[in-house]
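Reading through the structure tokens given below for one structure.
The values are calculated or read from the model by the stated rules, or taken from the named source; none is laboratory data. These numbers come from a predicted model, not from an experiment. Note that each Cβ is placed from the backbone with ideal geometry, even for glycine, and that neighbours are counted across all protein chains shown.
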Amino acid sequence: MGMGSADESGRFSTSNGQFMNMNNGVIKEEWKGGVPVVPPAPTTVPVITNVKVETPSSPDHDLVRKRKLGFLPLEVGTRVLCKWRDGKFHPVKIIERRKLPNGTTNDYEYYVHYTEFNRRLDEWVKLEQLELDSVETDADEKVDDKAGSLKMTRHQKRKIDETHVEGNEELDAASLREHEEFTKVKNITKIELGRYEIETWYFSPFPAEYNSCEKLYFCEFCLNFMKRKEQLQRHMRKCDLKHPPGDEIYRSGTLSMFEVDGKKNKVYAQNLCYLAKLFLDHKTLYYDVDLFLFYILCECDDRGCHMVGYFSKEKHSEESYNLACILTLPPYQRKGYGKFLISFSYELSKKEGKVGTPERPLSDLGLLSYRGYWTRVLLDILKKHKNNISIKELSDMTAIKAEDVLSTLQGLDLIQYRKGQHAICADPKVLDRHLKAVGRGGLEVDVCKLIWTPYKEQ
Ligand SMILES: [Zn+2]
């Protein structure tokens, strides 16, 4: 892992984003990069304490309440303090609101973004969690929001015009989905997958009928998803898969990697994309799962092969991308699996005899993982290599694209200009310092356990 600082949305200004997509329930795109590791530790964020909390027993409670009702329900865009799961108050911005099912006029719940935390911690909260004395309705903010929504309307219109050419009938659904993307309201709060219940991080464009579900139940093998536990139990009695569809191309100890062709296993690939989007932030492009191979990493035991994470890869990439989307599922994070997946993608490139690079933009956490991987691999070589070595040679040895080799070394300030020439610094002390900072890779890919031939159109 490298270092860096994230902006308010938790993304790095230099590079961010994610991939994957779908259109009208059919996945049509790919999410960009991203090895989400863990939400940034909220402990590093300034916490506002000593906020006066009104208690229902206070004598002037009714009076205060009446005054406040004047600006209820709160508007989208309002900034206010909100009680978080740590029991403390943090500043939030209201992203969306919705009426409670049996509520009266002012009974809303609010979808809030904690302005000092990553967006993956956005959530629905009840009015009681908001400290109404702290409400700010900033006039400038409103102008901004208006400009934003106008911009979106134009964008949507253009979208609609473009789509119309293809005779797409589902314009309203598409616009709605785009609005949801824009507002970033999480639709599914948690999922059940194998033996885990997992809280989700981001919006995912499930078909409309699933959008009112708080929780979805996934079959951990075929990745079909259902609204109710009983449906899943019924499904599990019938489902005969015990591992991902496709070919097992790697097995070492309890770890296995399966290669799934998106064209041959379309439903599986689409389900995987729905699932993955819950943990990956923004994605914009439209692709078809047919064009991708999916590499599913599993931990295997006597009950079957349980998905730990995956990455996807274009079958043919003009830009020498060797990875499109990468995800380690939350219960398996911080165990070195993200690094394993990155390393695996480069082992495939080596077998293909090509250099590769992840598709851009990378997510914040994806970029950190890549920086870490590149640093470890390149500096290990520099340490062992006694003679001069060029960027090209480093690239050929590692399958890391020359641009990435250069940017990694430059980022570490290891490229120096001496006597009219660029030179790579190979001072062992300096290299060791960087290697120590970046930590060890953990799980290694045992190349002799990889049995694979590059994809060929059949
Ligand atoms: Zn199943």
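Out of contact with any Asp or Glu (no Cβ under 6 Å at 6 or more places or on another chain), at pLDDT below 90 and part of a strand (DSSP E or B): does that describe SER149?
On the way: out of contact with any Asp or Glu (no Cβ under 6 Å at 6 or more places or on another chain): yes; at pLDDT below 90: yes; part of a strand (DSSP E or B): no.
No.
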Identify all residues within segment 416-431 that are more than 36 Å from the chain's Cα centre (by Cα) and surrounded by 12 or more Cβ atoms within 10 Å (Cβ to Cβ); write none if there are none. HIS422, ALA423
Is at least one residue of segment 253-274 within 16 Å of the ligand (Cβ to nearest atom), of a type in the set (A, V, I, L, M) and farther than 18 Å from SER204 by Cβ? yes
Residue in segment 316-373 that is modelled with the lowest pLDDT, counting only those that are over 23 Å from ASP288 (Cβ atoms) and charged (D, E, K, R): ASP364
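Any residue at all in segment 390-405 that is more than 18 Å from ARG433 (Cα to Cα) and in contact (Cβ under 8 Å) with a residue 60 or more places away in the chain? First the steps, then the outcome.
Within segment 390-405, the subset more than 18 Å from ARG433 (Cα to Cα) is 390-405.
So of that shortlist, the ones also in contact (Cβ under 8 Å) with a residue 60 or more places away in the chain come out as 399, 401.
For segment 390-405, residues more than 18 Å from ARG433 (Cα to Cα) and in contact (Cβ under 8 Å) with a residue 60 or more places away in the chain: present.
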Count of segment 354-397 residues which are acidic (Asp, Glu) and crowded, with 21+ Cβ neighbours inside 10 Å: 2
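For a quick check of your reading: which helices (runs of 4 or more DSSP H) sit entirely within segment 374-448 and have at least 2 residues that are at pLDDT 95 or above and touching a strand residue (DSSP E or B) at 6+ places or on another chain (Cβ under 8 Å)? Break it down into steps so the answer makes sense when it comes.
Working: elements: 391-398, 402-411, 428-438.
It comes to 402-411.
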Among the numbered criteria (1) more than 13 Å from the ligand (Cβ to nearest atom); (2) over 22 Å from the mean Cα position of the chain (by Cα), which single criterion is violated by LEU297? (2)
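Which is more than 16 Å from the ligand (Cβ to nearest atom), at pLDDT 95 or above and either in contact with a Pro (Cβ under 8 Å, 6 or more places away or on another chain) or not hydrophobic (A, V, I, L, M, F, W, C) (or both), of ILE198, ILE249? Talk me through it step by step, then tell me what you get.
Values: ILE249 fails: either in contact with a Pro (Cβ under 8 Å, 6 or more places away or on another chain) or not hydrophobic (A, V, I, L, M, F, W, C) (or both).
Every option except ILE198 fails the conditions.
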Restricted to segment 221-240 and to residues being touching a Phe, Trp or Tyr at 6+ places or on another chain (Cβ under 9 Å) and touching a residue at least 24 places away in the same chain (Cβ under 8 Å), the residue farthest from the ligand (Cβ to nearest atom) is LYS229
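Would you confirm, using the coordinates I've provided, whether TYR321 is within 16 Å of the ligand (Cβ to nearest atom) and farther than 22 Å from LEU443 by Cβ?
Details: within 16 Å of the ligand (Cβ to nearest atom): no; farther than 22 Å from LEU443 by Cβ: yes.
It is false that TYR321 is within 16 Å of the ligand (Cβ to nearest atom) and farther than 22 Å from LEU443 by Cβ.
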